[in-house]
Amino acid sequence: MAIGTLVPIALPNLAGIAIAALCVGGTFMVNTMAGIQEARRVAGTRAQALIGAMTSAFAVGQIIGPLLVAGLVHVRGGFSWALGISALPLLVAAYVLYTQYERSADITDATGAPPD
């Protein structure tokens, strides 16, 4: 997703936009499905409330994001600056997920099965 966010900086044309749409849109759909599954696992019978809260948080981001970008496009670098800044939290999230995955792969019980 972070790479897709940065592609239009390197390829500022229709091809760059298409690649970015595939990278960001494709991974977003998978992330959404995984988030809903996790909400059901964590919340059990109250999953609908958690999924509703997640949807509301997403909606707030959909409102705040464009407002922030509108302010950033006036900074030197224009829209490229906004894309670069938006890729940072995605890169941090990827790093955190990767380190968590590595740590869970290192922790196994006597049967070799990963922890729950």
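Could you tell me whether the range 2-106 comes out rounded, prolate or oblate from its Cα gyration tensor? Rule is a ≥ b ≥ c as square roots of the eigenvalues, rounded for a/c under 1.5, then prolate if a/b exceeds b/c, otherwise oblate. Numbers along the way, then the final one.
Details: a/c = 2.17, a/b = 1.58, b/c = 1.37.
Prolate shape, in that a/c is at least 1.5 and a/b is the bigger ratio.
Place a +1 charge on the Cβ of each Lys and Arg in the range 2-106 and a -1 charge on the Cβ of each Asp and Glu, then give the dipole magnitude about the Cα centre in debye, rounded to the nearest 20.
The dipole of the range 2-106 has a size of about 200 debye.
May I ask you to evaluate 6.51 cos²θ - 1.76 cosθ + 1.60, the Karplus curve with θ = phi - 60°, for each residue of the range 9-26 and list the ³J(HN,Hα) values in order in whole Hz, giving x for glycine and proline?
Ordered by residue, 3J(HN,Hα) equals 6, 7, 10, x, 9, 4, 4, x, 5, 5, 4, 4, 4, 5, 5, 6, x, x Hz.
For a footprinting-style exposure proxy, rank Val73, Val60 by other Cβ within 10 Å, fewest first.
Val60, Val73
Please turn the phi angles of the range 36-46 into ³J(HN,Hα) values with the Karplus equation 6.51 cos²θ - 1.76 cosθ + 1.60 (θ = phi - 60°), one per residue in order, whole Hz, x for glycine and proline.
Karplus values, whole Hz, x for Gly and Pro: 5, 4, 5, 4, 5, 5, 6, 8, x, 5, 9.
Return the calculated 222 nm mean residue ellipticity for the chain, to the nearest 500 deg cm²/dmol, obtained by summing -39500 (n - 2.57) across DSSP H runs with n ≥ 4 and dividing by the residue count.
That calculation yields -28500 deg cm²/dmol at 222 nm.
Between Leu14 and Val30, what length in nm is gained on full extension when 0.36 nm per residue of separation is reduced by their alpha carbon distance?
Gain on stretching Leu14 to Val30: 3.3 nm.
Give, in nm to one decimal, the length gained when the segment between Arg41 and Gln100 is fully stretched (0.36 nm per residue of separation minus the Cα-Cα distance).
Taking 0.36 nm per residue and subtracting the Cα distance, the gain is 19.4 nm.
We did not get these values from a lab; they are worked out from the coordinates using the rules stated. Keep in mind the model is a prediction, meaning the values are calculated, not measured. Note that each Cβ is placed from the backbone with ideal geometry, even for glycine, and that neighbours are counted across all protein chains shown.
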